[in-house]
1. Amide H of residue 10: which non-local residues (sequence gap of 5 or more, or other chain) have their own amide H closer than 5 Å, using H built in the peptide plane?
2. Which cross-chain or sequence-distant (5 or more) residues have an amide H under 5 Å from the amide H of residue 30, H modelled 1.01 Å from N in plane?
3. Using the beta-carbon distance between residue 19 and residue 44 and R0 = 25 Å, what value does 1/(1 + (r/R0)^6) give for FRET efficiency, to the nearest 0.05?
4. Apply the Karplus parameterisation 6.51 cos²θ - 1.76 cosθ + 1.60, with θ equal to phi minus 60°, to every residue of segment 105-121 and state each ³J(HN,Hα) to the nearest whole Hz, in sequence, with x for glycine and proline.
5. Counting Lys and Arg as +1 and Asp and Glu as -1, what is the net charge of the other residues whose Cβ lies under 14 Å from the Cβ of residue 14?
6. Quick one: what Rg and Dmax do you get for segment 56-103 from the alpha carbons, in Å?
7. Consider just the alpha-carbon atoms of segment 6-72 and return their Rg together with their Dmax, both in angstrom.
8. Taking θ = phi - 60°, what integer Hz values does the Karplus form 6.51 cos²θ - 1.76 cosθ + 1.60 yield along segment 68-78, in sequence order, with x for Gly and Pro?
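The values are calculated or read from the model by the stated rules, or taken from the named source; none is laboratory data. Being a predicted model, the structure only gives us computed values, none of them experimental. Glycine also receives a Cβ, built like all others from the backbone with ideal geometry; neighbour counts cover every protein chain displayed. Just so you know, the surface numbers come from the protein's heavy atoms only, side chains and all, with ligands and any DNA or RNA stripped out. Shrake-Rupley method; radii C 1.70, N 1.55, O 1.52, S 1.80 Å.
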Amino acid sequence: QVQLVESGGGLVQAGGSLRLSCVASGSIFSINDMGWYRQAPGKQRELVATITSAGSTNYKDSVKGRFTISRDNAKNTVYLQMNSLKPEDTAVYYCKMGAVRIGRIYQDYYWGQGTQVTVSS
């Protein structure tokens, strides 16, 4: 199995910064795309940012210029640096990875348990 564990969430004032981390562990052969999603109360889960194995990134328009996604392949870890946070960024943030397990050919997608980010005005 593959497990994802997020950390770094918390309470911050508007304009502040947080850095989220997500570490994957288990019987991993390779990890392809990594990404961050978020879900605010009463809303659907939405994509925040993704990064491919080659390092190409994609961002939700409202976070461009404020958030930066990065990865450390040696550590099976994806990060989300969040700057200039706004109250509307308040949500539970989830990481997602496409991973190929040892002994398998196709990848499966795995989710973390989520970490709460709260931005006060």
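1. 117, 118
2. 100
3. Working: r = 25 Å, r/R0 = 1.00.
Here the calculated transfer efficiency is 0.50.
4. Rounded to whole hertz, the list is 9, 9, 8, 10, 9, 10, 10, x, 7, x, 9, 7, 10, 10, 10, 8, 8.
5. 0
6. Taking only Cα atoms of segment 56-103, I get Rg and Dmax of 13.2, 44 Å.
7. Using the Cα atoms of segment 6-72, the pair Rg, Dmax is 13.3, 40 Å.
8. 9, 9, 8, 9, 10, 5, 5, 9, 6, 10, 10
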